[in-house]
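> Handing you a structure now.
Just so it is clear, none of the values below were taken in a lab; they were calculated from the coordinates. What you see is a predicted model, and the numbers here were worked out from it, not measured in a lab. Please note: Cβ atoms are built from the backbone with ideal geometry, for glycine as well, and neighbour counts cover all protein chains shown.
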Amino acid sequence: MRRISRGLLRTLRPLRAVRLLALCAFIILLIPSSTIPLGDPWRRIGFLVGARHFDYVGWEVRALAAKAGAMLWGFHPFMSEADRTALVRAYFADLDRAIRLDAQIAGVYAESDDAGARSAALRAERDALRDSLSQRQTLVESILEGQVSAALVDQGFGLGGQVLPPVLMRFTETPQFLVVSPRERIGFEIGFSLHPISVDEAAQLEARVEAAGDYAALVVPIGGMALYPAMVLERPSIPAVVDTFAHEWLHHYLFFFPLGLNYDFNNETRIINETTATLFGQEMARIVLARYYPDLAVDPAPSRAKQQGDPFDFGAALDETRRTVDDLLAAGRVEEAEAYMEERRALFVANGYLIRRLNQAFFAFYGGYQTGAPGAGGGDPIGAAVRAIRAASPSILAWIETMRGITTRAELMTHLQRTQLKVIDQTPIGLMGKFKTG
């Protein structure tokens, strides 16, 4: 019997890997493209992007190879839960140390003419840490995937004890995103994924795009991308990474339902989809942390900065800015709206929120991630409506089962009216931590 069991194990593991790779290919086909030129504006701007296009195919091949190896030869299923969490904590502590060493090395080069010799020990320590992190990365990913999967199963998303699609993520340097909006209104009309570029190069690309037509352009960083495996930005924060794992998994799940199948950058479905995923990630992260990393499970911050003693309310100020810009653009006062946004950007920077560019493209992108609190969405009721449906749902699963069939703002508001729900405005704005310094 022992020989038979081992033989079966050797047979089943490759079969599981083949099934997983087939599922990966199927999901990739369902992912809406952000890089295929569709019409003259796409071709024109795609030409300007040029070699900056992110290489998804190469990344996908490398990521799938790592995941297949982990499935075939990984040993995390045989580890105790205590050993798993200890390994994850050690990994993120070392990652934080490696990032701090990078900053120290950069400081040495900024201050000394003999930086190579002075930074030698720091670079040696950094390189050793990076090598160790690379060796542990896939194992840590597998552990976190398992922990998020277990929490999802507990919430009712499992089928026979398995989550479909399986939770699959890969730490990486995520691409940046070029967002292009018309100047006369706020709309996410064109988007291209870019390999990471410098701030100077981003500014040059934005200027070239805007010179090519009546556009507002912005290059933005992203924390994750719902490829399969999902791309997750490597950062030294277990709560942030778990949040992103859950957020991106929901995108994978929604690919099989109207809310995911109808995802398009320039429609309401994207805003509903991203808002739902944002709130879902936040809630699932609290559940995972409470179970595996209880010392890291903290309550959300108050919705208003004033409640924390900060005299400047970023969320309210951003909300006021968006509403004013919408009114000015609706009246055809484009240049006045742009001058106003620059004035407001200076106000945000003066209060510690380092927004590099505040334009129509900024609101087109960040307005898609609403939480129900004042912010980049302005008068859009989607965020508050999604929260109201969650508050009235008996479980996370019931909430998602409702949301997965809603694809337009009209359908969302009709559901609220039919169920006689009231919108809720109590969640902290998700943008606040993206720009705040100090």
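> What FRET efficiency would be calculated for the residue pair residue 111, residue 336, taking the C-beta separation as r and a Förster radius of 60 Å, to the nearest 0.05?
E(calc), rounded to 0.05, equals 0.85.
> Can you give the Rg to Rh ratio for the stretch 127-181, taking only C-alpha atoms and Rh from Kirkwood?
Numbers: Rg = 15.9 Å, Rh = 13.6 Å.
Value, to two decimals: 1.17.
> Right, here's the next one. Per 10 Å bin, what percent of the C-alpha pairs of the stretch 237-435 does each bin hold, from zero upward?
9, 33, 36, 20, 3, 0
> Also: Using only Cα atoms, locate the centre of the stretch 376-415 and the centre of the stretch 126-192, then give the distance between them in Å, rounded to an integer.
23
> Given 290, 325, 381, which one lies farthest toward the positive end of the charge dipole of the stretch 237-435, if we put +1 on the Cβ of every Lys and Arg and -1 on the Cβ of every Asp and Glu?
Sorting the options by dipole projection puts first 290.
> Here's a follow-up. With only Lys, Arg, Asp and Glu charged, each at its Cβ (+1 for the first two, -1 for the last two), find how big the charge dipole of the stretch 237-435 is about the Cα centre; round to the nearest 20 debye. It would help to have the intermediate numbers written out before the result.
Working: 19 positive and 23 negative charges, 73 e Å.
Result for the stretch 237-435 is approximately 340 debye, rounded to the nearest 20.
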